[in-house]
Amino acid sequence: MATTGISRSYREPGQGGAGSASAEPGCPLPAALLYRRCDSTDLPFELVSELGDPSGPIGQDRAVEAVEFAVQMRRKGYNIYALGPSGTGKHTVIEDLLRQRANSMPTPPDWCYVNNFTDPQQPRRLPLPPGRASGLREAMRRLVEELRAALPAAFERDDYRARREVIEQQFRGRNEQAFGELQRRAEQRGIAMLRTPMGLALAPRRDGKVLTPELFEALPEAERQRIQRDLEEVQGELEAVMQKVPQWEREHREAVRELNRNTTGAAIGLMMDELRAGYCDLPDVVQYLDAVERDIKENADDFLPPAQPREGMPIPAAFEEAITGARFRRYQVNVIVDNGGKHGAPVIYEDNPTHQTLVGRVEHIARFGTLVTDFNLLTAGALHRANGGYLVLEAQRLLAGYFGWASLKRALSAGEIRIETLEQLLSLASTVSLQPEPVPLDVKIVLLGQPLIYYLLSALDDDFKELFKIAADFDDRVERTPETTLLYARFIAGVVRREKLLTFDRSAVARAIEHASRVVGDADRLSTGLRGIVDLLQEADQVAVGAGKEIVTAAEVQRAIDAQFRRGDRVYRRLQEEIGRKTIRIETDGEEIGQVNGLSVIALGGLTFGNPSRITARVRLGRGEVVDIEREVELGGPLHSKGVLILSGFLGGRFGKTRPLSLNASLVFEQSYGGVDGDSASAAELFALLSALADAPINQSFAVTGSVDQHGRIQAIGGVNEKIEGFFDACHITGFTGRQGVLIPVSNIDHLMLRQDVVAAAAEERFRIFPIETVDQGLSLLTGLHAGEPDGEGNYPAGTLNQRIAARLDAFAAKAAELARNVAGMEARK
């Protein structure tokens, strides 16, 4: 920007032509450049209720394009990370875009878990069209109820009893025949078969009587040997018959089971056929029903009344009910996702993304003093509910959640949702647990978070780059044009309707728009931090309600703004009070050598305010060092230290070409008891240092803000409005003299959105804002002396500031050289 003139085109929103306001170097800025108003007469409405809602989010075209591309891209890995400052409406914008897309998508299927009759530890997943899973669950419940009545009746019918009796008779007849024939053969040999508590026994017999051991021993030896051989032969035949008994019993049981199966099949066949007919279009369900039918046939006894306990041992009712309920739990259907009655794809927001809330969990119930589980205790996670649609998560909460990030990455990489306990996930499980069949995953994940988290994950997590390929970057500001101003007004209209606020007139809307520029710290931009604007609108509404008004005007909006600052300004007011009491020494009048008023910004909670600081410099003979006292005591941050080192570079570049810099300088923020960082005070520090070198007093009516480069150019800084207002309030409390003001970088002119009392004081010339581009301009304003330009030989005109500084440095160099010669002479004499 040329040094001969400083100008900024200034146009009120909605103006057809452009006006201009300008300032010359060394001249204060006109009041028109200190605040860009939104002329309410240029707003095309009287009340905001006349406007419709905005057609889209304000100033987020880049982010919207990224989201729209991502939701159309169905390839793996095209999930979204929406990054941007808090309060920019990421959640609202993302959810609106996702719901628009989701409404045109098919509704995903229901998901349920059913018993795996082959391996109950591995429950089967079962997908069904939307709304049909609950029907299957109810159908299975009715089936069990009907079977508990139908099967006992079927087993009580005469035909079943007759067929059962035939099987029993066949078994008894076979036993009786085999043992009867064996007994006849034994009797022919004089051997009796006796039934004892220990089973069947064989003994010799004479004349129809069993021989006692004494009588048997009295027999001749040949007789005893013959009887012994007969006993052994009959014993062999008995053992052969006894070996056949288990086989006959198995055949008997199988015959009974086959009878029961046939009886059960006849009883449930019609019911199962009707049930299968309702799901004939779903092969997986039909296969499951076939398995149910086979299991019922195999376990028909579960549906029959339990055997009566022995007398004197009654079964408690609760115990019996628990046993009965447990028998039939395997036929239940656990519906974990029911999309019945829903239209389109789901859009789910999970506010507590942990391992269990994402992938589901295995619950347990206490039964008879132990914890047990089955497939009915499987619960869905957010991934199940969002399957086939979209899942929105907060990145910071996900990373802080218990294994949430690891579980999400695993599910996305595998393309399936696997319900497992944390012990299973970490391979710490020592007990048997369920291993449900995984559910195929088809979901689009949207992470909401700060830019820092995105950059850290991109740099440190390789999986993140593969799984989240789309970044939706939300801006914190938008250019202030007539179009965006009207869009902002429409946004305010939408908030008023949605929150059911009192209607706002156009003056209130104009004041809110001006506040949006102040929030972002730029007269040519509007803040997209819409959460803060919504809060302001609600608070202005409450102010109007408290005043008994029916329409919110600019006055109520201003009162709400003032109240926001008032609620958090205790520390700020305390600092200002101490400045007024001289406890904190800030000079706002007079002149001092090597002292200047610097400006800093303090952020406490949601409040940011400016704070003046007294910066002093001392110089002396030395080795060319500029000592930053803040850095030496470890109160200065790296950016502040960098700024001080730049001062050394400036001094060396301007004054060290023909002479050594034989000085030692110290810089300090007086009465500073906390950390100092940033380079916005480097210009003020340089002015204090040059004042000390030139022995030229600085007008204490001024405060300075701005950074400086090694060539002496003044550079833009942040928080310019808060800094100016902080010094303005200090001057107000110490008393205005009409000479006070602030020096700011030229490049910060477009950022000015000052309080109305500051603008009014500038218009009345009680307080002034001076833009500067170079160190020399600032020195001339602060000291009232010309800085001076070097001639062809690098010499400055006599009496100028730069000439006085060069002379002081020459004196230091001469003194240093003299001392060096004296030391050398002393060494030579030794």
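The values are calculated or read from the model by the stated rules, or taken from the named source; none is laboratory data. Worth saying up front: this structure is predicted, and the values here are computed from it rather than measured. As a convention, Cβ positions derive from the backbone with ideal geometry for all residues, glycine included, and neighbour counts pool all protein chains shown. Areas reflect the complete protein model, heavy atoms only, side chains present, ligands, DNA and RNA absent. Shrake-Rupley method; radii C 1.70, N 1.55, O 1.52, S 1.80 Å.
Structure summary
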{"read-out": "Region 662-741 - charge dipole about Cα centre, Lys and Arg +1 at Cβ, Asp and Glu -1, debye rounded to 20", "value": "220"}
{"read-out": "0 to 90° range, to nearest 10: angle between helix 554-568 axis and the chain longest Cα axis", "value": "80"}
{"read-out": "Alpha-carbon centroids, region 423-493 and region 330-357: separation in whole Å", "value": "20"}
{"read-out": "Size of region 394-483 as Cα extents on the principal axes (Å, biggest first)", "value": "67, 24, 20"}
{"read-out": "Order by protection proxy (mean Cβ within 10 Å, highest first), peptides 534-545, 414-425", "value": "534-545, 414-425"}
{"read-out": "The chain: relative contact order as a whole-number percent, Cα under 8 Å and 6+ apart", "value": "16"}
{"read-out": "Given charges at Cβ of Lys, Arg, Asp, Glu: the chain dipole, positive-most of 668, 256, 78", "value": "668"}
{"read-out": "Rg in Å to one decimal, and Dmax rounded to a whole Å, for region 635-787 via C-alpha atoms", "value": "15.8, 50"}
{"read-out": "Percentage, to the nearest whole number, of Cα pairs in region 331-442 over 17 Å apart", "value": "57"}
{"read-out": "Cα gyration tensor shape of region 46-91, rounded if a/c is under 1.5, else prolate or oblate by comparing a/b with b/c", "value": "prolate"}
{"read-out": "Average Cα contact separation per residue, region 753-821, under 8 Å, 6 or more apart, as relative contact order %", "value": "14"}
{"read-out": "Residue-averaged 222 nm ellipticity for the chain, from DSSP H runs of 4+ at -39500 (n - 2.57), nearest 500", "value": "-15500 deg cm²/dmol"}
{"read-out": "Rg/Rh (Cα only; Kirkwood hydrodynamic radius) as it applies to region 778-830", "value": "1.27"}
{"read-out": "Long-range Cα-Cα pairs in region 704-830 (distance over 25 Å), rounded percent", "value": "46"}
{"read-out": "J(HN,Hα) series, region 54-69, from Karplus relation 6.51 cos²θ - 1.76 cosθ + 1.60, nearest Hz, glycine and proline x", "value": "x, 6, x, x, 7, x, 10, 4, 4, 5, 4, 4, 5, 5, 4, 5"}
{"read-out": "Cα centroid separation - region 712-734 against region 383-417, whole Å", "value": "47"}
{"read-out": "Of 500/549; 409/465; 76/409; 90/342; 444/465; 409/444, pairs whose Cα-Cα distance is over 22 Å", "value": "90/342"}
{"read-out": "Accessible area (Å², 1.4 Å probe, nearest 10) - residue 297", "value": "60"}
{"read-out": "Rule-of-thumb Rg ratio for the chain [Cα; 2.2 N^0.38 Å; N residues]", "value": "1.66"}
{"read-out": "Fraction of the pair-distance distribution of region 411-561 above 20 Å, Cα-Cα pairs, percent", "value": "65"}
{"read-out": "Translational D in µm²/s for region 225-279 (Stokes-Einstein at 20 °C, 1.002 mPa s, Kirkwood Rh from C-alpha pairs)", "value": "143"}
{"read-out": "Alpha carbon centroid spacing (whole Å) that separates region 158-175 from region 43-115", "value": "73"}
{"read-out": "Region 30-127, Rg to Rh (Cα coordinates; Rh as Kirkwood inverse mean 1/r)", "value": "1.27"}
{"read-out": "Among 221-231, 128-138, the order from most to least packed when residues are scored by Cβ within 10 Å on average", "value": "128-138, 221-231"}
{"read-out": "Protection-proxy order for peptides 507-519, 775-787, each taking the mean of Cβ atoms within 10 Å per residue, highest first", "value": "507-519, 775-787"}
{"read-out": "Region 89-96 - phi-based ³J(HN,Hα) in whole Hz, Karplus 6.51/-1.76/1.60, Gly and Pro as x", "value": "x, 4, 4, 5, 4, 4, 5, 4"}
{"read-out": "Net dipole in debye of the chain [+1 Lys, Arg Cβ; -1 Asp, Glu Cβ; about Cα centre; nearest 20]", "value": "780"}
{"read-out": "Nearest-ten-degree value, helix 283-298 long axis tilted from longest Cα axis of the chain", "value": "40"}
{"read-out": "Amide H contacts of residue 591 (H built 1.01 Å from N, under 5 Å, at least 5 apart or other chain)", "value": "700"}
{"read-out": "Value in Å of the Kirkwood radius, where region 438-484 supplies the Cα pairs that are averaged", "value": "13.6"}
{"read-out": "Extreme residue, positive dipole direction of the chain, given options 704, 202, 345 (C-beta unit charges)", "value": "704"}
{"read-out": "Cut-off under 5 Å, modelled amide H: who pairs with residue 340 long-range", "value": "131"}
{"read-out": "In degrees, nearest ten, helix 451-460 long axis to first principal axis of the chain (Cα)", "value": "60"}
{"read-out": "About the Cα centre, charge dipole magnitude for region 653-795 (Lys/Arg +1, Asp/Glu -1 at Cβ), debye", "value": "160"}
{"read-out": "Computed over region 499-633, the ratio Rg/Rh where both radii use C-alpha atoms and Rh is Kirkwood", "value": "1.16"}
{"read-out": "Per-residue HN-Hα couplings for region 108-125 [Karplus 6.51, -1.76, 1.60; θ = phi - 60°; Hz; x = Gly/Pro]", "value": "x, x, 6, 10, 9, 10, 10, 5, 9, 5, 7, 9, x, 6, 10, x, 8, 7"}
